[in-house]
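These notes are about the structure you will find just below.
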Number of protein chains: 2
Amino acid sequence: MLNGQVTLASILSGDKRSIARAISAIEDDDPNITGLLKQIFPTTGNALVIGITGAPGSGKSTLVDALAAHYRTANETVGIIAVDPSSPFTGGAILGDRIRMQAMSTDPGVFIRSMAARGHLGGLARATTDAVAVLDAARYDKIIVETVGVGQDEIDIVKTADVTVVVLVPGMGDDIQAIKAGIMEIGDVFVINKSDREGVLRTEKELEAMLSIAQRPDGWTPPIVKTIAIRSSGIDELAGAIGGYAEFLKAGGPDANGRRTAVAEHRIMELLRDQLLRRALEKGLTQSEFKSMARMVAERRQDPYSAVEEILARLGIL
Amino acid sequence: MLNGQVTLASILSGDKRSIARAISAIEDDDPNITGLLKQIFPTTGNALVIGITGAPGSGKSTLVDALAAHYRTANETVGIIAVDPSSPFTGGAILGDRIRMQAMSTDPGVFIRSMAARGHLGGLARATTDAVAVLDAARYDKIIVETVGVGQDEIDIVKTADVTVVVLVPGMGDDIQAIKAGIMEIGDVFVINKSDREGVLRTEKELEAMLSIAQRPDGWTPPIVKTIAIRSSGIDELAGAIGGYAEFLKAGGPDANGRRTAVAEHRIMELLRDQLLRRALEKGLTQSEFKSMARMVAERRQDPYSAVEEILARLGIL
């Protein structure tokens, strides 16, 4: 059983220790968390979930901190999930994040947490969505999910937000290309951070050109906001742009652009994938059988396709 | 059945059209490709697979092209897989890649292909590994897998190579931190590209400091190579460093560092995950049932955990 102190009531009351424990259980793939998540689910949907993504060095974290401070000034509570592709060896967040987390967590109206992919089961997208649900149930007004948005996982994660913000920096030049269409297409709001740097006009023009080509099915034209996050400059405008898109969504009626259904599809798929793999590894074969199967494949004595068919056959679902 | 012209013999003979068709079938999740992949498997293991990763703007693609040209001068054949996190909407590679592909594909000793994540089933890691196997069977001497290495997927992909090269650029400063431990730990060789830029010494020192802290279990000290890819400067040294690690691996005996078994484990896991999800969606529920389930979740009338349990129960593997 999950630690007795983590209950639906303790989450709904916003108890930080309960929230932290619930998120740890989510990260650890603790099967006992599912019951709580089921209970929580109907209470969610009140927070505005903001996904913020950008390349390393774009100043995302500073921007998130400045935005959080802006919401705090307006007396809104803020939950922050910093998604960290993280080390496959250490399995943890980097030191900088930890220091940052400690600094912000002295504010009772802010909950900040770093999440990392761990182990073979993966499931970072599922874990992030579940953690957002916990913060939503705990009545945080704004929930910011921050990712280094170059990988597919990170794009998938940030797509599940209500509003997605893509952060660029001046002088990326050809790199707007390098950031690829994937990340450009998910942006509801674009930020050019470090906008006191050389090349800001060129980046803005390139971005405008790119946005004018891409016609969005919902008719929204993503605004471009220039910020200097380290000096909190442009943050009001950013909050305004985020709020603008949230209003636009609301005006369209429930799930006007089909985004919520798409997110739900994605979420069911992720959960299904995780659960299937878990059951297969539990029922299909032991850890040592799996290891010896891997060695056979490594030595090229068995091909991986036949190995997988063997596991499926044992499960009776070939 | 797979197109009749794609056979084990046509792949082994190196027929480019067959290779391209086989890789398309892999990308399209064509179930008929499995038979061919099983046949191919015992013939693989001859190529040196080189994974190259780095942040957007590090000049990876130019570096890969220069390295490929180097191998071609030595009369070695080169297969290149450019992994593209890609657009969730267009599902394809960007224009720049396509132009590049056309330019290089006039050389009969080079095969270049862009691969993108597509659709709900994901499986980019699996698709990439399978494509590498096809190129390996087709007797390419060097296979280069190029990724934008910030996401977990991309780290996973590049880890399956024999030799992993991490590309940095000067003046990243704090961004060496931002690139996170995950990508730093997988580098067998480090490149500082654009090394005519300011800040190269600082980046080199920071990198050296970071590498001196991280003790590798295999005792290898990753060399740092400075390149200016656009002028093909430092490419001989890079090829030498890659070859050096390949020799080091070979000297340790078969699977000295357990890497091949770890890669096999990862590969079985990925395949299993893909196959399980495919069967579940085939047998567990129809597309329209799935859609209406997603709508229920979107409207918060059913929680996603119960939805997944329903699917698992139908499959009889709850």
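Regarding A:Val83, is this residue in a helix (DSSP H, G or I), surrounded by 23 or more Cβ atoms within 10 Å (Cβ to Cβ), under 17 Å from the mean Cα position of the chain (by Cα) and at pLDDT 80 or above? When the stated conditions are applied, A:Val83 does not pass them.
The set of residues in the stretch A:32-58 that are out of contact with any helix residue (DSSP H, G or I) (no Cβ under 7 Å at 6 or more places or on another chain) and without any contact (Cβ under 8 Å) to a residue 24 or more places away in the chain contains only A:Pro42. Just so you know, in the stretch B:205-221 the residues that are of a type in the set (A, V, I, L, M, F, W, C) and not in a loop (DSSP other than H, G, I, E, B) include one that is surrounded by the most Cβ atoms within 10 Å (Cβ to Cβ), and it is B:Leu207. For the stretch A:291-303, the tally of residues that are on the phi < 0 side of the Ramachandran plot and either within 7 Å of chain B (Cβ to nearest Cβ) or among the charged types (D, E, K, R) (or both) stands at 9. Residues of the stretch A:197-217 that are small (Gly, Ala, Ser) and under 8 Å from A:Pro170 (Cβ atoms): A:Gly199 alone.
Being assigned by TED's automatic domain parsing to the domain that holds B:Val189, in a helix (DSSP H, G or I) and at pLDDT 90 or above is the requirement here; does B:Val49 meet it? No. Filtered by the rule that a residue be more than 14 Å from chain B (Cβ to nearest Cβ), part of a loop (DSSP other than H, G, I, E, B) and more than 22 Å from the chain's Cα centre (by Cα), the stretch A:3-44 gives A:Asn3, A:Gly4, A:Gln5, A:Val6, A:Thr7, A:Ser13, A:Asp15.
Counting only residues that are closer than 25 Å to B:Leu36 by Cβ and of a type outside the set (D, E, K, R), how many does the stretch A:281-310 have? Full working, then the answer.
Initial filter on the stretch A:281-310 (closer than 25 Å to B:Leu36 by Cβ): A:293-310.
Checking the rest, the ones that are also of a type outside the set (D, E, K, R) come to A:293-294, A:296-298, A:302, A:304-308.
Count: 11.
If B:Ala280 satisfies all but one of (1) touching a Ser or Thr at 6+ places or on another chain (Cβ under 8 Å); (2) closer than 28 Å to B:Thr129 by Cβ, what's the number of the condition it fails? The failed condition is (1).
If the condition is being surrounded by fewer than 19 Cβ atoms within 10 Å (Cβ to Cβ) and at the interface with chain B (Cβ under 8 Å from one of its Cβ atoms), then the stretch A:267-280 contributes only A:Arg279.
Only one of B:Thr106, B:Thr90 is surrounded by fewer than 20 Cβ atoms within 10 Å (Cβ to Cβ), at pLDDT below 85 and under 28 Å from A:Ala125 (Cα atoms). Can you tell me which? Walk me through it before giving the result.
Working: B:Thr106 fails: under 28 Å from A:Ala125 (Cα atoms).
Result: B:Thr90 is the single residue among B:Thr106, B:Thr90 that is surrounded by fewer than 20 Cβ atoms within 10 Å (Cβ to Cβ), at pLDDT below 85 and under 28 Å from A:Ala125 (Cα atoms).
When restricted to residues that are touching a Gly at 6+ places or on another chain (Cβ under 9 Å), assigned to a loop (DSSP other than H, G, I, E, B) and at pLDDT 70 or above, the stretch A:148-187 contains 7. Restricting attention to the stretch B:246-266, which residues are within 7 Å of chain A (Cβ to nearest Cβ) and of a type in the set (Asp, Glu)? Within the stretch B:246-266, B:Asp255, B:Glu265 meet the criteria. Evaluating B:Arg113 against the criteria (1) farther than 23 Å from B:Ala137 by Cα; (2) modelled with pLDDT of 85 or more; (3) among the charged types (D, E, K, R) leaves one unmet condition, (1).
Taking the condition facing chain A (nearest Cβ under 7 Å) and over 23 Å from the mean Cα position of the chain (by Cα), does B:Ala313 pass? Judged against the criteria, B:Ala313 is not a match.
Among residues of the stretch A:298-318 that are over 16 Å from B:Gly316 (Cβ atoms), those with a Cβ under 6 angstrom from a residue that is of a type in the set (Lys, Arg), sequence gap 6+ or separate chain, pair up as A:Ala298/B:Arg260; A:Asp303/B:Lys38; A:Pro304/B:Arg267; A:Tyr305/B:Lys38.
The values are calculated or read from the model by the stated rules, or taken from the named source; none is laboratory data. Quantities reported herein were computed from a predicted structural model and do not represent experimental measurements. Note: ideal-geometry Cβ built from the backbone for every residue, glycine included; neighbour counts use all protein chains shown.
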